[in-house]
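Have a look at the structure below before the remarks.
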Amino acid sequence: MPFAQYASALPAASITGVLREALQTLRLQFAMDVAFLCAFRNGQRLLLLADCASSADAFAEPHATALCMRMVEGLLPPVLPDARAAPEAAALASAAGRPLGAWLSAPIRFHDATMFGAVCCFRAAPHPGLRSGDASAVRLLAALVARLLEGQADANRIRRVRLQRLQRALEEAQLTTVYQPILDVASQTLEGYEALTRFHCDPQRPPDWWFAEAEAVGLQAQVETAAVTAALSGLRSVPRKAYLSVNVSPATLLEPGFLRMLQAQPLPRLVLELTEHASVEDYETVVARLAPLRAQGLRIAVDDAGAGFASFRHILRLRPDLIKLDGSLIARIDRDAGARALAGALARFADQTGCTVVAEGVETEAELQVLRQLGIDKAQGFLLGRPAPLPVFTAHAAACQGHSSALEREISTAAVDKDSAENSTAPAESRRVPAGAGLLRK
């Protein structure tokens, strides 16, 4: 593998700290003046890390470079207790005008035998106590460095692949939106739609994987903004009395460009969902940024409530307009007293604080019946309507408006989300979204 691919993959700060400590231990163990880690490039030595007995010790000297090169070429032994006994080493030290008494080193080679550099120690005075077996400690450190660098290089390669496919997805508009209806099951009326992103590119996998990958490579804001922009294009097809709910992470929410995009929208018709699984580092800043938009009618929802502790912190700090119960909670609500108690507690909390509770992932009549008993009337899920393009739903909703039981029946038989229909033949129960599935996966 080319040198540049490894040189650009030097260990992260935490690993570098470990290597510094290892170099210091090596130097002290063998009573050396200097221990260092270097790489070779175009016949030159590139110093990467060093540990010195004092700041006056020089480790970038010509004789050190030459000695490293001779050692990896096999022209000098890896252990030199007395450099005066090795004429070439003595000549190099003399030419440099610097004393060289003892030397200990090992080459850094990768699994394919590529030479990267060396781990070296030296001191000005001879070291009669050095033995040939002492080279094993240096070889062990060199092997560790090789594995770390190779691992980092592999990570960098994977990151480049991820970046390229995400950038291609953005450039070629490979993100589309489907919309899942949110119903008031008591009045049989349409409340709104949640916009869900689908990726039409390889590898074929759930949307939450794509968003997690975008976060890992630093494209979270760009991908989420593109997803929300695509979702907002369907707002004109949403009935005037219904709202559109879009998902966004707190980090993207704080991006100036994202906020400017929101300001141009009809805010009273929008709901922003912040997932429980996305941490909020600074609630004060998030609340302050949202305040002027909320004053103009924007509503906030905490998504995935009941899936973990973070959702309750979100609820208390963000004071949302909607609380969306996680599908993992709804999936067992008809047979788990604990799930019913938690959902009921959240419903009572919402009633006392002026929030609206929406149950996600409703797939059976039994679940819907328990929700009604708990006073939770707003719901979404496969039982009530699968994600599909908006024109399909708009037509069905218009046809069914005012018919008490027809809305559920008609919407539930509307066009099925192609991803779900084509990629899975399992029954609905086995296709439930697991707890913690992540952003924009419904």
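Quick notes on this structure:
- These residues, Ser249, Ser187, go from largest to smallest accessible area, 1.4 Å probe, as Ser187, Ser249.
- Shape call, region 117-176: gyration tensor on alpha carbons, a/c limit 1.5: prolate
- By definition, a body whose alpha carbon gyration tensor gives a ≥ b ≥ c is rounded when a/c is under 1.5, and region 179-311 falls into this rounded group.
- Region 254-302: C-alpha gyration tensor shape, a/c 1.5 cut-off, then a/b vs b/c: prolate
- Put Ser132, Ser279 in order of accessible area, highest first, and with a 1.4 Å probe you get Ser132, Ser279.
- Trypsin sites (Lys or Arg not before Pro) restricted to region 152-246 and DSSP loop, no more than 13 other C-beta within 10 Å: Arg240, Lys241
- Region 74-89 versus region 222-299: alpha-carbon centroid distance in Å: 68
- Of all DSSP bridge pairs formed entirely within region 212-345, close to 0 percent run antiparallel.
- Under the combined filter of DSSP loop state and at most 13 neighbouring Cβ atoms within 10 Å, region 99-183 retains these GluC sites (Glu not before Pro): Glu172.
- Å³ per residue enclosed by the Cα convex hull of region 209-248: 60
The values are calculated or read from the model by the stated rules, or taken from the named source; none is laboratory data. Just so we're clear, the structure is a prediction, and the values are computed from it rather than from any experiment. Ideal geometry is used to build each Cβ from the backbone, glycine not excepted, and the neighbour counts take in all protein chains shown. For accessibility, only protein heavy atoms count, side chains too; no ligands or nucleic acids. Shrake-Rupley method; radii C 1.70, N 1.55, O 1.52, S 1.80 Å.
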